[in-house]
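For reference, the structure discussed in these notes is given below.
Where a number appears in this text, it was derived from the coordinates with a stated rule and is not lab data. All values derive from a computational prediction rather than experimental measurement. Quick reminder, even Gly has a Cβ in these numbers, built from the backbone with ideal geometry, and neighbours come from all protein chains shown.
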């Protein structure tokens, strides 16, 4: 089975990508590889930086994602700052609480998850794949699946009012920003 290094130490992401990329052995980033800070102004820039670092350090093809949520009422914020929206150290609960407070005071509750997945071969090919998933931010948290902002986002793709955190993993993968970007990546890899 061909291998891809995923430029993360997040076990949840490694498992998720393993499920999203059937036929590929998704490996975590080795402990001795230091990731650079995320200083890009776009999801694609941050993903490329992480994938380049992993490919150079391991000599293997690498992928990395950068993702977050954009609230229309906030002009796209938190965007690339989604993971650290409430400050450092990162805290999913504090980030979601802050977004709920800010968007809760506004009429427009539309949000969109965005994911950029970068693929980099050592000294070679670089590609970026993007996926998006839209929904609305609600004023209560529901569900214990998913992570991050999922408990308060009702996706547009289903009409039953469940949050992303209330969906099964297969339902979420079918519509999520990461699932959509991963399917584009997989289709491209399979075409090679």
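Listed by Cβ neighbour count within 10 Å, with the fewest neighbours leading, 147, 17 appear as 147, 17.
How large is the helix-only mean residue ellipticity at 222 nm for the chain, computed as the sum of -39500 (n - 2.57) over DSSP H runs with n ≥ 4, divided by its residue count, in deg cm²/dmol to the nearest 500?
Calculated from helices alone, the mean residue ellipticity at 222 nm is -10000 deg cm²/dmol.
Computed from label points 7 Å out along Cα-Cβ, the spacing between residue 91 and residue 127 is 4.1 nm.
Note on residue 168 and residue 140: with the Förster distance fixed at 25 Å, the Cβ-Cβ geometry gives a FRET efficiency of about 0.75.
Using only the C-alpha atoms, the convex hull of the stretch 73-192 corresponds to 124 Å³ per residue. Quick one: Cα centre-to-centre distance for the stretch 73-144 and the stretch 1-32, in angstrom? Between the Cα centres of the stretch 73-144 and the stretch 1-32 lies a distance of 22 Å. Comparing 170, 133, 82 in a Gaussian network model of the chain, where Cα atoms under 10 Å apart are tied by springs, the biggest mean-square fluctuation is seen for 170.
For the options 103, 80, 154, a Gaussian network treatment of the chain with springs between C-alpha atoms closer than 10 Å singles out 103 as fluctuating the most. Once the Kirkwood radius over Cα pairs is known for the stretch 106-173, the Stokes-Einstein relation at 4 °C and 1.567 mPa s delivers a diffusion coefficient of 96 µm²/s. Taking Cα atoms only, the orientation of helix 43-58 departs from the longest principal axis of the chain by about 30 degrees.
Taking only the C-alpha atoms of the stretch 14-102, the Rg (one decimal) and the largest Cα-Cα distance, Dmax (whole number), read 15.1, 45 Å. If the Kirkwood radius is taken over C-alpha pairs of the stretch 1-159, then at 10 °C and 1.306 mPa s the Stokes-Einstein diffusion coefficient equals 96 µm²/s.
Arranged from fewest to most other beta-carbon atoms within 10 Å of their beta carbon, 24, 188 become 188, 24. Taking other Cβ atoms within 10 Å as a rough exposure proxy, 138, 63 sort from fewest to most as 138, 63. Shown here: the stretch 96-141, whose C-alpha atoms stretch 48, 17, 16 Å along the first, second and third principal axes, sorted largest to smallest.
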